[in-house]
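Enquirer: My questions all concern the structure below.
Only the coordinates and a few stated rules stand behind these numbers; no lab work does. Since the model is a prediction, treat every value here as computed from it, not as a measurement. Cβ: placed from backbone, ideal geometry, glycine included. Neighbour counts: every protein chain shown.
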Amino acid sequence: MELADALADVLGARRSCRAYLDEPIADHALGRVLAACRRGPTAGNSWGIELLVLSGAEQTSRYWDVTLPDGPRRTGFPWPGLLRAPALIVPTVRPAAYVERYAEPDKAGSGLGERAGDWPVPYWWVDAGAAVMAMLMAATAEGLGSLLFGTFGGAAAVSAEFGIPAAHELVGCIALGHADAAADRPSGSLRRTRPLLDEIVHRGDW
């Protein structure tokens, strides 16, 4: 019961943090957050998820310089405290890893071992989401703030800047650090409340 209570506490405490203190993350804490990505499910043990980790202002500034270059957008960016995050984690997926795995003899009968387009559900994204959530929960357990945000139109620039192979697709980016609660400005999306459980759970039939 104690473990269940601890899990409930971490889930209840997890929040999206958009402002960070200019304070480094201890290496052991960052290591535990990164290690959590390996605890999520992965279809067929394909392990097509890899992480780009940027730590310290010298590395993280390169990310922001290519995704939010100097100019009106950066000057007017509503969450300047996000740019102080001392670590950024860029999860990537390699869909071909799943195709290769499902071409092996024990999975060949699935019919998923030729092309990524044959997968009715692209499980690399499902597994990546699980890996991201595990890292977000680990960050909360470490007393750190975290935020998953989209790279969107900046994905190609990030890949080019950091030498990410073309076969790897960016999932997004996770900011990580000590939360600056006084400066944090919540997203306007919070005006949309979470649905009640009975509104989204269908028991027995729809």
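Enquirer: Order these peptides, 35-47, 91-103, by their mean beta-carbon neighbour count within 10 angstrom, highest first. Spell out each step's value before the answer.
Expert: On the way: 35-47: 16.1, 91-103: 19.8.
For the peptides 35-47, 91-103, the packing ranking is 91-103, 35-47.
Enquirer: Measure off 7 Å from each Cα along the Cα-to-Cβ vector at Glu100 and Ser61, then give the distance between these two points in nanometres to one decimal.
Expert: Label at Glu100, label at Ser61, 3.7 nm between them.
Enquirer: Which ordering of Asp27, Asp184, Asp205, Asp65 is given by a fewest-first count of other beta-carbon atoms within 10 Å?
Expert: Neighbour counts put them in this order, fewest first: Asp205, Asp27, Asp65, Asp184.
Enquirer: Can you tell me the Rg and the Dmax, both Å, for the Cα atoms in the stretch 5-58?
Expert: My reading of the Cα-based Rg and Dmax gives 14.5, 41 Å.
Enquirer: Sticking with this structure for a sec: What ranking do Phe77, Phe152 get, fewest neighbouring Cβ atoms within 10 angstrom at the top? Walk me through the numbers on the way to the answer.
Expert: Values: Phe77 13, Phe152 9.
In increasing order of surrounding Cβ atoms, one gets Phe152, Phe77.
Enquirer: When the chain is fully extended, how far beyond the present Cα-Cα distance does Ala4 get from Arg74, taking 0.36 nm per residue of separation? It would help to have the intermediate numbers written out before the result.
Expert: Working: separation 70, 0.36 × 70 = 25.20 nm, distance 4.26 nm.
Result for the pair: 20.9 nm of gain on full extension.
Enquirer: Sticking with this one: Semi-axes, largest first, in whole Å: what does sqrt of 5 times each Cα gyration tensor eigenvalue give for the stretch 156-205? If you can, show how the numbers build up before the last one.
Expert: On the way: eigenvalues 230, 111, 19 Å².
Sorted largest first and rounded, they come to 34, 24, 10 Å.
Enquirer: Right, another one. What does the charge count around Gly56 come to, taking other residues whose C-beta lies under 14 Å from its C-beta (Lys +1, Arg +1, Asp -1, Glu -1)?
Expert: Numbers: positive: Arg62, Arg84; negative: Asp22, Glu23, Asp27, Glu58.
For residues surrounding Gly56, the net value is -2.
Enquirer: Something else about it: Mind running the shape call on the chain? Use the C-alpha gyration tensor, a ≥ b ≥ c as the square roots of the eigenvalues: rounded below 1.5 for a/c, prolate if a/b tops b/c, oblate otherwise.
Expert: Oblate, because a/c is 1.5 or more while a/b does not exceed b/c.
Enquirer: Percent antiparallel among DSSP beta bridges with both residues in the chain, to the nearest 5? Walk me through the numbers on the way to the answer.
Expert: Values: 18 of 19 bridges.
Here the share of antiparallel DSSP bridges comes out near 95 percent.
Enquirer: Suppose R0 equals 41 Å; then what is the FRET efficiency for Ala157 and Ala108 from their Cβ-Cβ distance, rounded to the nearest 0.05? Provide the component values of the computation, followed by the final result.
Expert: Details: r = 38 Å, r/R0 = 0.93.
Computed FRET efficiency for Ala157 and Ala108: 0.60.
Enquirer: Can I ask one more? Counting other beta carbons within 10 Å of each residue's own, what order do Leu197, Leu21, Leu82 fall into, fewest first? Each step should come with its number before you reach the end.
Expert: On the way: Leu197 7, Leu21 17, Leu82 23.
So the ranking, lowest neighbour count to highest, is Leu197, Leu21, Leu82.
Enquirer: About its Cα centre, how strong a charge dipole does the stretch 14-184 have in debye, to the nearest 20, once Lys and Arg get +1 and Asp and Glu get -1 at the Cβ? Provide the component values of the computation, followed by the final result.
Expert: Working: 14 positive and 18 negative charges, 66 e Å.
The dipole magnitude comes to about 320 debye.
Enquirer: Here's a follow-up. With a sphere of radius 15 Å drawn around the Cβ of Val90, what net charge do the other residues whose Cβ falls strictly inside it have (Lys, Arg +1; Asp, Glu -1)? Each step should come with its number before you reach the end.
Expert: On the way: positive: Arg62, Arg94; negative: Glu50, Asp65, Glu161, Glu169.
Net of charged neighbours comes to -2.
Enquirer: Pop out the Kirkwood hydrodynamic radius of the stretch 9-127 from its pairwise C-alpha distances, inverse of mean 1/r, in Å to one decimal. Don't skip to the end; give the middle numbers.
Expert: Details: mean 1/r = 0.0580 Å⁻¹.
Over the stretch 9-127, the inverse of the mean reciprocal pair distance is 17.2 Å.
Enquirer: I've got another one for you. Only four residue types carry charge here, +1 at the Cβ of Lys and Arg and -1 at the Cβ of Asp and Glu. Report the dipole size of the stretch 66-135 about the Cα centre in Debye, rounded to the nearest 20.
Expert: Details: 7 positive and 7 negative charges, 90 e Å.
Its charge dipole is roughly 440 debye.
Enquirer: Throw me the Rg/Rh for the stretch 105-206, computed over C-alpha atoms with Kirkwood Rh, two decimals. Please report the intermediate quantities before stating the final value.
Expert: Details: Rg = 18.7 Å, Rh = 17.8 Å.
My calculation puts Rg/Rh at 1.06.
Enquirer: 222 nm [θ] for the chain, helices only, -39500 (n - 2.57) per DSSP H run of 4+, per residue, to 500? Spell out each step's value before the answer.
Expert: Working: 8 runs with 74 residues, N = 206.
Estimated from H runs of four or more residues: -10000 deg cm²/dmol.
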